Amino acid sequence: MVGLFKLFKKMIRKGGLCYIMDNDERNQYVKVAMTKALLELLNTKNLKDIKISEITEKAQVGRVSFYRNYKDKEDILKQYLDKIIKEWKLQDQMPFELIMKTLFEHLVAYKDFYILLYQKDLFYLFRNTLKKLMIQDNQLSNPEAYAVAYMTYGIYGWIKEWIARGMQESPDDIYAFMEAQKTDKSHI
């Protein structure tokens with residue numbers, strides 16, 4: 001009977017049908033629930049003021065699930081950021097113009113999330129992720145690494161200011177403004 005009880009504990013309701021999740025599915029469910037819970041809590045509190053117990057309670061998962069999946073609260077945001085950036089699908093041979101346009105489109109698609117990061121002084125998480133994406137090759141020479149860092153931080157600053165101003169321009173418009181800066185130095 002105990003074995004049957006354990007089996008039922010693994011079941012969830014999905015579309016009116018009972019479904020037994022395997023470990024990977026259960027882990028995914030827990031991560032999604034904790035991410036959603038943290039994002040909801042961030043709407044009303046700063047990250048430092050949110051307790052792990054609040055996240056797990058809101059997500060309706062055990063505290064052990066938190067520590068099994070994350071190092072700290074910030075790690076939830078880092079993993080979510082990594083996930084959505086992977087959805088953006090940066091490709092190695094993509095021309096710079098297309099990289100930037102699709103990046104701006106990605107930022108608009110997740111506008112609420114990025115604005116929340118900015119408002120809660122957590123936007124540096126995006127910067128760190130962007131830097132990892134741009135400097136994928138650890139074998140860069142020093143001048144190459146400096147050039148990539150220069151571009152990365154410039155792009156980051158551009159995006160941060162766009163978000164600070166409410167992302168009023170479309171991805172095409174913000175890209176066009178960026179391209180115009182290559183030739184127009186009158187504002188500097």
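Coordinate-derived values only; no laboratory data. Keep in mind it's a predicted model, so treat the numbers as computed, not measured.
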Task: Segment I52-D173, extension gain: residue separation times 0.36 nm, minus the distance between their alpha carbons - done: 39.5 nm
Open item on the list: Suppose we keep just the alpha-carbon trace of the range 35-111; what are its Rg and Dmax in angstrom?
Closed with: 15.7, 45
Open item on the list: Assuming 0.36 nm per residue, please report the length gained on full extension of the stretch K86 to L39 beyond their Cα-Cα distance.
Closed with: 15.0 nm
Task: Cα centroid separation, the range 153-184 to the range 67-86 (Å) - done: 27
- [ ] Enter the mean projected area of the convex hull around the alpha-carbon atoms of the range 96-180, in nm², rounded to one decimal.
- [x] 5.6
